[in-house]
1. Can you figure out the FRET efficiency of Glu37 with Lys57, using R₀ = 35 Å and their beta-carbon distance, to the nearest 0.05?
2. Could you tell me what percent of the accessible area of the stretch 107-218 is made up of carbon and sulfur, with a 1.4 Å probe and every protein chain present?
3. For Asn124 paired with Glu278, estimate the spin-label separation in nm (one decimal), with each label point 7 Å from Cα along the Cα-to-Cβ line.
4. Taking the solvent-accessible surface of protein heavy atoms with a 1.4 Å probe, what is the per residue accessible area of the stretch 58-167 in Å²?
5. Once phi is turned into ³J(HN,Hα) by the Karplus curve 6.51 cos²θ - 1.76 cosθ + 1.60 with θ = phi - 60°, what whole-Hz value does each residue of the stretch 260-267 show in order, with x for glycine and proline?
6. Can you send over the solvent-accessible area of Lys105, 1.4 Å probe, protein chains only, in Å² to the nearest 10?
7. Taking a probe of 1.4 Å, how large is the accessible area per residue of the stretch 174-299, in Å²?
8. Mind pulling the per residue volume of the convex hull built on the Cα atoms of the stretch 149-222? Å³ is fine.
Amino acid sequence: VVGLEAVLPTGEIIQCGGKIVKNATGYNLINLLIGSEGTLAVITLAILRLLPLPLQKVSLLILYKNIESAIATVQEIITHKILPSAIELMEEEAIRVAEEYIGRKLLFSNHNYTCSLLIEIDGNRKDEVERDYEELGKIALKKGAIDVFVAEDKFQQQRLWESRRAISEALKSKGEVDHEDIVVPRSKIPDLLLKVKEIEKKYKIKIACYGHVGDGNIHVNILRENRSKSEWKNIIPLLVRELFECTLSLGGTISGEHGIGLAKKPYLRMAISDQQVELMRQIKKVFDPNNILNPGKIF
Ligand code: LAC
Ligand code: ZN
């Protein structure tokens with residue numbers, strides 16, 4: 001985002017940035033507004049810097065018997081100078097629910113697997129993209145993948161990504177879900193997922209993970225299933241706190257992309273200092289002295 005027009009809660013209209021690719025003029029209000037969850041201003045125009053679409057694109061669906069092999073693959077990719085445009089993790093539970101939701105099986109669903117990686121590689125040269133996905137496939141198999149499916153044509157790629165995109169809605173359709181959005185340094189993903197598995201056992205609760213493992217950002221979905229509402233209400237804060245403590249101790253934080261809103265508000269001070277919260281409160285006051293934009297959110 002290189003430019004914004006925004007209406008302040010006090011009624012003035014401000015312009016930040018513009019059709020320029022560089023800008024170091026004063027504080028970076030663009031990013032402040034982008035990250036403000038609608039609490040500082042109403043954005044009425046955004047100027048985006050567009051990137052040309054890559055000419056070549058390939059998606060790989062890789063199936064694994066255990067999550068450790070999937071994570072080992074991710075680690076190896078990161079150290080191998082291959083730069084996929086996406087590395088997504090999908091646990092079997094999440095895939096199963098998505099398949100049910102869209103009424104169609106994912107490729108390979110007759111295999112016996114517990115998790116998968118969906119990887120996209122793009123570039124402008126076919127030979128380079130091919131070289132990368134062949135190398136990636138080799139890495140995956142070396143790390144214990146059951147099978148690697150390469151989707152070269154658009155239709156197959158769309159089908160794979162459609163399943164991935166359906167997961168969030170599909171999980172919600174199954175009943176109450178507590179949806180977390182934690183992020184850790186990419187090298188800490190194995191520790192984090194081990195902790196999730198430990199929590200799943202400890203609380204005897206079903207947890208389906210999926211998400212942007214290539215960014216260290218995992219969506220942890222805790223499913224209520226048949227548990228009573230009152231038991232659920234007691235368990236969730238304990239469980240979430242334990243998960244967040246681990247996330248923070250690994251150098252991560254409690255939201256990678258969804259924000260704090262109301263749901264994560266009780267946990268904000270686990271992640272940032274009182275001093276920082278106070279600074280943010282002051283910023284909120286300067287922009288919105290009457291507290292009319294998304295009051296009560298974040299803090
Ligand atoms: C996703 C949304 C929920 O990754 O962030 O599907
Ligand atoms: Zn996401």
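1. 0.60
2. That fraction is 47 percent.
3. 5.2 nm
4. On a per-residue basis, 49 Å².
5. Ordered by residue, 3J(HN,Hα) equals 8, x, 9, 5, 9, 3, x, 10 Hz.
6. About 140 Å², ignoring ligands and nucleic acids.
7. Value for the stretch 174-299: 52 Å² per residue.
8. Convex hull of Cα atoms, per residue: 111 Å³.
The values are calculated or read from the model by the stated rules, or taken from the named source; none is laboratory data. As the structure is a computational prediction, the values presented were derived from the model and not from experiment. Ideal geometry is used to build each Cβ from the backbone, glycine not excepted, and the neighbour counts take in all protein chains shown. What goes into the accessible areas is simple: the full protein's heavy atoms, side chains included, and nothing from ligands, DNA or RNA. Shrake-Rupley method; radii C 1.70, N 1.55, O 1.52, S 1.80 Å.
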